[in-house]
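Below: the structure, in structure tokens.
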Amino acid sequence: MKKKLCASLDEAVADIPDGAQIMVGGFGGAGFPNNLIQALARKGAKNITAISNNCGTHDGELGIMFKNNQIKHVVAAFPGPHARYFLERFAAKEVTLELVPQGILCERMRAAAAGLQGFYTTVGVGTEVAVGKEERFLEGNRCILELPIHADYALIKAQTADELGNLTYRLAARNFNPVMAMAAKTTIAEVEEIVPVGAIHPEHVVTPAIFVHRIVQAKGIRYAG
Amino acid sequence: MPAKTRLTREQIAQRAALELPDGAYVNLGWGIPNLVAGYLPKGITVYFHSENGILGMGPRAKPGEEDFDQVDAMKVPVTLTPGASFFHQADAHLMTRGGHIDVALLGGFQVSEKGDLANWKIPGSQGPGGIGGAMDIAAGARTLIVCMEHTTKDGAPKIVKQCTYPLSALACVDTIITDLAVIDVEPGGLFLREVAPGWTPEEVHELTGAHLIVRRQIPEMSFA
């Protein structure tokens, strides 16, 4: 059996190179893989493209990586009022931003996961989001073409993993994590607890093990603000 | 003459709550809409949706009972109502975009006479702004109600012929509820439905940047 369990957070992110495209789960303070983010900050990988709903809460979440100037481009729906280090880097033109409607961000990742080359949507028609995108008239509506978002890695947070990588999530900490797990080439899951194979009832698995490549156990960290 | 009294944000929310049909699936956006849950009329049950993957959100959690894995779109710990469910963000927005949400209430910076909405960035403000879920919700909700002040802090109309702020979606707004009026957006234009107590249609019109159609005697808003 292929071993997915990592002995440490640092080992879990050890091969992430400079320039990697990385999806990072979490929303509203819940479901952020904060331990993995800190491990990546320690490793010091540079020129990262980050794909995440927001851009950090002070030092927390992606904040530390903007503080360290490790991120050159970010794809996000809502950078956020407490994304202090992102806002400083953005004002200094040290980081670029693609702002994407939140549901479209999800679907572009899901398209990548599903092997689809894009889709048409009415969301964003006539707005800044539509600039430079192909427009068509479908089913009576103006639509724009949205392309998939791929990633080399996804850093996600789940509650429980079995040793195969089947995952369950806690409450609304699920958010972006399942779709990112499916979309990236290599998915690294930070989990609160690891249980033996078979200990998660098959009906309760949310992310099937096929999407999960590395598992590391860590006590979740949460940032207020 | 002393300035006339406008509705408070809470009163706008209270009026907006009357628009919710029994049994509806409802999404509440940032700002005034977030207050609407507190004003549901007796006998009306609705199911609140949150874009981070909750259906069946209840009131805010009491101090000491918060679980920070169970938050609403504004990061506030919430309770659940019986029959609630969790799902991931892609399915949460499939619900908004796919026409599964009966009524969405959003805040607004500007609404045009065609029902275009601008609600994610104020020109000249610092930083890049934030779209969040607003574009998906505006494009997909079956009924979209915008709750906002009728004018800006400087007195400029927020209901305008054409939006000058960055747009969220075209021709998406069905009803506008402000501190001065209830206005329906229809193919023929903006129809004044109600005015705030003590205000006349002419006075409301003067503070509106687009033509308001008055097709009958306009009643004052009621709140119950």
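The values are calculated or read from the model by the stated rules, or taken from the named source; none is laboratory data. In this text the structure is predicted, and so the values were computed from the model without any measurement. Glycine gets a Cβ as well: all are built from the backbone with ideal geometry, and neighbour counts include every protein chain shown.
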Where in the stretch A:97-181 are there strands (runs of 3 or more DSSP E), lying fully within it, with 1 or more residues that are away from chain B (no Cβ under 13 Å) and within 14 Å of the chain's Cα centre (by Cα)? A:151-162
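Do we find that B:Gly129 is among the small types (Gly, Ala, Ser) and more than 8 Å from chain A (Cβ to nearest Cβ) in this structure? Break it down stepwise before answering.
On the way: among the small types (Gly, Ala, Ser): yes; more than 8 Å from chain A (Cβ to nearest Cβ): no.
So B:Gly129 fails the test.
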For A:Glu94, which of the numbered conditions (1) assigned to a loop (DSSP other than H, G, I, E, B); (2) under 19 Å from B:Gly133 (Cβ atoms) fails to hold? (2)
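For the stretch B:25-60, enumerate the residues that are among the charged types (D, E, K, R) and either in contact with a Cys (Cβ under 7 Å, 6 or more places away or on another chain) or assigned to a loop (DSSP other than H, G, I, E, B) (or both).
B:Lys42, B:Glu51
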Specify the residue that is surrounded by the most Cβ atoms within 10 Å (Cβ to Cβ); the eligible residues are those in the stretch A:49-87 that are more than 8 Å from every other protein chain (Cβ to nearest Cβ) and of a type in the set (Phe, Trp, Tyr). A:Phe86
Which numbered condition B:Lys42 fails, given (1) without any contact (Cβ under 8 Å) to a residue 12 or more places away in the chain; (2) within 14 Å of chain A (Cβ to nearest Cβ): (2)
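When you go through B:Arg97, B:Arg60 one by one, which is the residue that is more than 30 Å from A:Ala183 (Cβ to Cβ) and among the basic types (Lys, Arg)?
On the way: B:Arg97 fails: more than 30 Å from A:Ala183 (Cβ to Cβ).
Answer to the check: B:Arg60.
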Of residues in the stretch A:1-48 being touching a Gly at 6+ places or on another chain (Cβ under 9 Å) and of a type in the set (S, T, N, Q), the one nearest to the other protein chains (Cβ to nearest Cβ): A:Asn34
On the basis of being among the β-branched types (Val, Ile, Thr), at pLDDT 95 or above and over 26 Å from B:Gly38 (Cβ atoms), does B:Val146 make the cut? no
Give A:Val24, A:Val95, A:Val13 a once-over and let me know the one that is within 30 Å of B:Val78 (Cβ to Cβ) and of a type in the set (A, V, I, L, M, F, W, C). A:Val24
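Looking at the stretch A:129-162, which of its residues are among the acidic types (Asp, Glu) and in contact (Cβ under 8 Å) with a residue 12 or more places away in the chain?
Initially, the stretch A:129-162 is screened for residues among the acidic types (Asp, Glu), giving A:134-135, A:139, A:146, A:152, A:162.
Those that are among the acidic types (Asp, Glu) and in contact (Cβ under 8 Å) with a residue 12 or more places away in the chain: A:Glu146, A:Asp152, A:Asp162.
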Of the numbered conditions (1) facing another protein chain (nearest Cβ under 10 Å); (2) surrounded by fewer than 24 Cβ atoms within 10 Å (Cβ to Cβ); (3) within 16 Å of the chain's Cα centre (by Cα), A:Phe90 satisfies every one except a single condition; which is it? (3)
Name every residue in the stretch B:154-177 that is buried (at least 18 other Cβ atoms within 10 Å of the Cβ) and polar (S, T, N, Q), in order of residue number. B:Ser168, B:Thr175
